[in-house]
């Protein structure tokens with residue numbers, strides 16, 4: 001299934017994408033638009049969700065929201081594509097010798113077509129197209145061989161980053177957490193429909209020009225390694241969003257920072273696309 005949050009006639013609800021329509025699942029959610037809570041209950045309701053066929057609305061008649069807006073955790077890993085680590089090393093940026101994790105604040109989450117704000121306090125706004133996944137099962141101390149079974153589904157993330165704020169403190173949190181800078185979407189494709197998430201083509205475009213292109217098999221630390229590592233430290237909960245890193249081609253390499261009016265599109269094979277316009281801070 002492709003699970004989404006959408007707004008129609010001023011009401012936000014959960015639905016599933018079927019072709020060019022969205023099937024409303026409010027009968028299952030009892031009107032609750034929290035994807036986190038829906039994913040918690042999904043194992044018991046999956047058959048009903050898969051069978052649901054109405055009411056259905058044209059996708060063109062609704063606004064797609066971020067598929068999840070209330071995760072308990074929004075985690076990202078840095079320098080996790082080999083080609084990206086190589087380009088960073090050439091620029092003199094130290095390469096971590098272990099998994100480098102950071103928090104993106106949940107308040108940074110934005111939807112697949114929402115406007116993204118260029119902060120007035122910086123001119124170093126960068127893009128990072130990423131494969132992300134959502135945890136479906138509460139888990140701790142997960143063995144590597146069991147890790148993929150903890151995933152509810154996959155989605156696209158643009159991990160917008162304000163580079164000067166990112167690097168002025170020991171942690172990345174501030175530079176990664178400006179409002180609207182955690183774009184996720186367009187929906188969550190359930191794990192059973194993704195044959196191999198680590199063998200997908202990811203591409204990012206700015207104003208139609210390709211800036212990033214990579215297969216997701218270039219990950220240094222695979223998804224299994226990530227979940228095993230993180231769950232050694234913390235309990236992972238249904239709805240937690242984890243991004244897997246970005247390929248080579250970020251704007252920081254040649255300082256081609258994003259500007260107001262730029263349109264950034266990320267697409268991942270089989271998962272759809274997200275497209276956001278950069279606007280000036282008000």
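Readers should treat all values here as calculations from the given coordinates under stated rules, not as data from a laboratory. Predicted model, so just to flag it, every value in this text is computed and none were measured. Heads up, the Cβs are rebuilt from the backbone with ideal geometry, glycines too, and the neighbour counts pull from every protein chain shown.
Worth a mention:
- The label-point distance for residue 70 and residue 113, in a model that sets each label 7 Å from Cα toward Cβ, rounds to 2.5 nm.
- Based on alpha carbons, the Rg and Dmax found for segment 86-229 are 16.0, 46 Å.
- Each of 271, 195 was scored by other Cβ atoms within 10 Å of its Cβ. Arranged with the fewest first, they read 195, 271.
- Between residue 234 and residue 173, full extension at 0.36 nm per residue minus the direct alpha carbon distance yields a gain of 20.2 nm.
- Each of 267, 193 has some number of other Cβ atoms within 10 Å of its Cβ, and from fewest to most they run 193, 267.
- The distance linking segment 114-130 with segment 149-175 is 12 Å (Cα centroid to Cα centroid, whole angstrom).
- The stretch between residue 220 and residue 7, if pulled fully straight at 0.36 nm per residue, gains 72.9 nm over its current Cα-Cα span.
- Pairwise centroid distance, computed over Cα atoms, of segment 180-207 with segment 251-282, Å: 15
- Fully extending the segment from residue 86 to residue 143, taken as 0.36 nm per residue of separation minus the present Cα-Cα distance, adds 17.6 nm.
- Within the chain, percent of DSSP bridges classed antiparallel, to nearest 5: 90
- Residue 256/residue 100 FRET efficiency (R0 35 Å; Cβ-Cβ; nearest 0.05): 0.90
- In the chain, the calculated helix contribution to ellipticity at 222 nm averages -5000 deg cm²/dmol per residue, counting -39,500 (n - 2.57) for every DSSP H run with n ≥ 4.
- Considered as an equivalent ellipsoid built on the Cα gyration tensor, segment 24-148 has semi-axes of 34, 22, 13 Å, the largest given first.
- Fewest-first sequence of 214, 161 by Cβ atoms within 10 Å of each Cβ: 214, 161
- Candidates 170, 58, 112: whichever shows maximal mean-square fluctuation once the chain is modelled as a Gaussian network with Cα springs under 10 Å: 170
- In segment 2-64, the ratio of gyration radius to Kirkwood radius, Rg to Rh, stands at 0.93 when only Cα atoms are counted.
- Rounded FRET efficiency, nearest 0.05, which uses the C-beta distance separating residue 273 from residue 61 and R0 of 25 Å: 0.80
- Candidates 26, 108, 66: whichever shows maximal mean-square fluctuation once the chain is modelled as a Gaussian network with Cα springs under 10 Å: 26
- A Gaussian network model of the chain, with springs between Cα atoms under 10 Å, assigns the largest mean-square fluctuation among 65, 115, 48 to 48.
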